[in-house]
Every structure is written in C-alpha cells, then in structure tokens.
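Have a look at this one.
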Amino acid sequence: MSEKLIIIGSGPAAWTCAIYAARAALQPTVYEGAISEDNRLKGTLPLGQLNLTTDVENFPGFPDVILGPDLMLKMREQAIRFGTTVVTEDIESIDLSNRPFVLKDSAGKTLEAEALVISTGASANYLGLESEERFKNYGVSACAVCDGALPRFRNKSVVVVGGGDSAAEEATYLTKFASTVYLVHRRDQLRASQVMAQRVLSNPKIKPLWFSVVEEVLGNDASGMTGVRVKNIKTNDTTTVEAAGMFVAIGHTPNTKFLGGQVEVDDKGFLVLKEPQRTITSVEGVFAAGDVADPTYKQAITAAGMGCKASLDAERWLAGKGVH
C-alpha cells in the first residue's frame, strides 16, 4: 500500500510540513536521515542545520532566545503528536518515472508514495584543497558549534574562511574557546548582515585578513593541522598563520544527489520551483521546501513557511487526484 505523503528531511521545512500534513489527516511519514558518520561529516544528521546552532534569537515566539536543538526537538515532537511517523534512515534512491513513486531507504526497504516533499537542506562547501581533505577532523571543520569546544582548539588560534552570516556566526562562536580567530575573506568587507558584521568587527579576538585566500592547510600526522598558508590576492604575498583549526563557512550545496537528476535544478543545484509562491517542482506530485529550494534567503523561518506551503500544495494536489 502506498503512503499518501513522504517528507524527506528533518529541518524546519520538514517538520512544519509534517505538522500541517498530519493535522490534515494525510498520515505523513518523515524520513529524517540516518545517524551515521557520513551524515555527521556532511552536516546532515537528523534535525538539520539548526541542531548545530546555539542561540536562536530571530525565530518568532521565543523572546528569551531558544537553543537550536531545543527548537528542532519541539518541532519534531509537535509533528509526532499529530500523528506523523518518523523513520531514522536515509532515502538513497527514488524512481519518479511512474506513480506511485518508488523509494529505497538505507535499511534496504522499498516503499511507495503518492506524493513527496523534498526538504533535505544543503551541505557545507569546502575549499577543495588536497591538504584540507587530509586534515578534516584533525583541525579542519565546517561546523564550529559541532567541534569548536574540542580541547585542540581551546586557547589556540583558529581560522574561519568566509564573509557571510555563517562565517560571522562561526567566528563569533569560536571566540568562546579560541585565543584568536583569523577571519580570511577575499574582499575588504563582509557580506554578512550589518548586525552580524558589526559583532565581528567589534570583537577584539577576531582579526580579519582582507583580500585573502587559503592556499594550503599545514600540519603533520602527529599534531594534525598546525596552520594555513594565506595568499593576498592583491599583492600575491603569502604568509603563514599558525592555527590549530580551520572552519570553512563558504556556503552550502543542496542535498539532491539521491534524486538522480530526475527533478530540475538551477545552475547551483537548488531545486527549481515552477510557479511563483508555490512549492511545485518539475515533477508532478513532487514538492520542495526549505534550503534545498532556496538559494536566496536560507533562514529557518522562511524554511518553515515553505514547509507549510508544501503541505498545502501536496494536500490539494492529492485531493485533485482523489487520494485525499
């Protein structure tokens, strides 16, 4: 028997979609992702990016600030309370050539769904350096909240690469543990919001390195990462910065590989929404919500709003097909 609606993902978009779908008696199933080392390294463990965030101060309804993991658990609990089924596995492949759609999960189970909502978010990008790959988990990270409190970084210098809100947040967070945070950015001003940028520039522990890029991560097998070689792109001068860690914050890539190219994406890999203000993708019966389909805003509140819309779009589409 086919599921009416399967939601793939576990961030604000997925849980909001599930809450609305469950209340509409769609009996949704959420595939929140497997608890695996591969997902940990990609930042795609259950509960999404907010589960890797500390204080959330811009989500409506929490004037005293709420921790990211607490917010996500509350959303998950609310979805379950209304009857959502949660499966802690990955969806590894999908066949969208016929309806019902056929899915296979990481436990080897094959299942069918009349409609799908893709809300798998996006994974952190890295610089692509061979030396960076060598020292991943030995000083190189893409998540300060995950790793910043580790003993190897305490009272040591660290490097953050990037200039947007993510880089600003990572740098600010790391000042709780590191002695100095070098912020490496290829421009001479941050792309972060004014509030975040001011927070960074006013922090005496954060030292911006403008017009700069990381050329190589330095280290050895015994100590792991010990520093970076930084190049000034205006003068071509290179300098060595001693640092116990490098945190890369240069954007994210949408998690759509499991779709096998069956759904249209843009030039950056984000799922394309076919109608303004709707969550309809290029495949009838497949809807998208959250960062996987949002190259512009990438905020928890916009993801939640898209999750609501995806649920309503799916419900109306299913009703039109006589399923609901």
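The values are calculated or read from the model by the stated rules, or taken from the named source; none is laboratory data. Bear in mind the structure is a predicted one, so any value in this text is a computation, not a measurement. In this analysis, Cβ positions are derived from the backbone assuming ideal geometry, glycine residues included, and neighbour counts consider all displayed protein chains.
What residue, among those in the range 207-236 that are out of contact with any Lys or Arg (no Cβ under 9 Å at 6 or more places or on another chain) and under 20 Å from residue 166 (Cβ atoms), is surrounded by the fewest Cβ atoms within 10 Å (Cβ to Cβ)?
For the range 207-236, the residue satisfying everything is 207.
Of these, 157, 166, which one is within 30 Å of residue 280 (Cβ to Cβ) and assigned by TED's automatic domain parsing to the domain that holds residue 210?
Exactly one of 157, 166 is within 30 Å of residue 280 (Cβ to Cβ) and assigned by TED's automatic domain parsing to the domain that holds residue 210, namely 166.
Name the residue that is nearest to the chain's Cα centre (by Cα), counting only residues in the range 142-160 that are at pLDDT 90 or above and not basic (Lys, Arg).
Among those that are at pLDDT 90 or above and not basic (Lys, Arg), it is 160.
Do you know which residues across the range 29-56 are part of a loop (DSSP other than H, G, I, E, B) and either surrounded by fewer than 14 Cβ atoms within 10 Å (Cβ to Cβ) or of a type in the set (Val, Ile, Thr) (or both)?
Answer for the range 29-56, where residues must be part of a loop (DSSP other than H, G, I, E, B) and either surrounded by fewer than 14 Cβ atoms within 10 Å (Cβ to Cβ) or of a type in the set (Val, Ile, Thr) (or both): 35, 44, 53, 54.
Considering only residues that are in a loop (DSSP other than H, G, I, E, B) and small (Gly, Ala, Ser), which ones fall in the range 241-278?
Kept after step one, since they are in a loop (DSSP other than H, G, I, E, B), are these residues of the range 241-278: 243-244, 249-251, 255-256, 260-264, 266-270, 272-278.
243, 244, 249, 251, 260, 261, 269 - these are the residues of the range 241-278 that are in a loop (DSSP other than H, G, I, E, B) and small (Gly, Ala, Ser).
Hey, can you tell me all the residues within the range 279-317 that are part of a loop (DSSP other than H, G, I, E, B) and either touching a His at 6+ places or on another chain (Cβ under 8 Å) or basic (Lys, Arg) (or both)?
The first filter runs over the range 279-317 and keeps only residues part of a loop (DSSP other than H, G, I, E, B), leaving 279, 281-285, 289-290, 294-299.
Listed by number, the list holds a single entry, 298.
Another one. Testing residue 63 on (1) modelled with pLDDT of 95 or more; (2) surrounded by fewer than 16 Cβ atoms within 10 Å (Cβ to Cβ), one condition comes back false. Which one is that?
The single condition residue 63 does not satisfy is (1).
Follow-up. Could you tell me how many of the residues in the range 88-104 are hydrophobic (A, V, I, L, M, F, W, C) and under 15 Å from residue 44 (Cβ atoms)? If you could, list the steps in order and put the result at the bottom.
Taking the range 88-104 as the starting set, the residues that turn out to be hydrophobic (A, V, I, L, M, F, W, C) are 91, 94, 96, 101-103.
The next check asks that each one be under 15 Å from residue 44 (Cβ atoms); those that pass are 91.
Residues flagged as hydrophobic (A, V, I, L, M, F, W, C) and under 15 Å from residue 44 (Cβ atoms) within the range 88-104 amount to 1.
Yes/no matrix, rows are residues, columns are (1) among the hydroxyl-bearing types (Ser, Thr, Tyr); (2) surrounded by fewer than 17 Cβ atoms within 10 Å (Cβ to Cβ); (3) in contact with a Leu (Cβ under 8 Å, 6 or more places away or on another chain):
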position: 102; (1), (2), (3): no, yes, yes
position: 110; (1), (2), (3): yes, yes, yes
position: 117; (1), (2), (3): no, no, yes
position: 139; (1), (2), (3): no, no, no
position: 149; (1), (2), (3): no, yes, no
position: 157; (1), (2), (3): yes, no, no
position: 169; (1), (2), (3): no, no, no
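Same structure, new question: The conditions are (1) in contact with a helix residue (DSSP H, G or I) (Cβ under 7 Å, 6 or more places away or on another chain); (2) part of a loop (DSSP other than H, G, I, E, B); (3) within 21 Å of residue 298 (Cα to Cα); (4) not β-branched (Val, Ile, Thr), and residue 14 fails exactly one of them. Which is it?
(2)
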